[in-house]
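The next block holds one structure in the form of structure tokens; read it before the comments.
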Amino acid sequence: MNLKGIVSVSGRSGLFKLIGQNKSAFVLESLEDQKVKIVVNMSTVKLASLEDITVFGEVDDLKLMDIFDKMKDSDVPDTKIADGAALRKYFRVVAPDHDEEKVYASDMKKIISWFLIIKELPLFTEDAPEASSSEEKVPVIEDKKQHTTVDKPKPTRAPKKAAARLSQKSK
């Protein structure tokens, strides 16, 4: 499963794919309706990458990707119909080591809704890109700047009216 570049945006429902970035904003594309593109400001919105999200566990935190893998082989409940008890029962099957005091029904609903969005996409069956090892050499590109001559800018003249006012003040 390849969740690289898939993010959740605070204040918005659904999932988004990161398609670009500039100095102060991210450009995102909705996974549900891929024609919808939004620009979100880095200072006002929080993004959470799905590959980095974990769920509170009894011993260690559980990776979201591992929970999604277990959800592939199970019958996912409908979050519109299921109550908190049904969601808890389902999560005991797909994430048996989750901390039941810290993981709320709203968290479970969100995880199930994310799963339902991405299960139909091709990235769900793709293999995750392997992390590059420290032994792998990265090619270095040398920057050879060409020296060019640039004419010095000509001094700008003050408009005639401003020059006249300046000369009158100096008298």
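Between their Cα atoms, which of 37/110; 89/110; 72/110; 46/80; 46/102 are more than 18 Å away from each other?
Working: 37/110 22 Å; 89/110 16 Å; 72/110 16 Å; 46/80 26 Å; 46/102 21 Å.
Table pairs above 18 Å Cα-Cα are 37/110; 46/80; 46/102.
I want to check the label-to-label distance for residue 37 and residue 92. Put each point 7 Å from Cα in the C-beta direction and report it in nm to one decimal.
For residue 37 paired with residue 92, the spin-label model returns 4.8 nm.
Three principal axis extents, largest first, for the C-alpha atoms of the range 1-124, in Å?
Computed over the range 1-124, the largest-to-smallest principal extents equal 43, 28, 25 Å.
Where a number appears in this text, it was derived from the coordinates with a stated rule and is not lab data. Please read these numbers as outputs of a predicted model, since none were measured by experiment. So basically every Cβ, Gly included, is an ideal-geometry build from the backbone, and we count neighbours across all protein chains shown.
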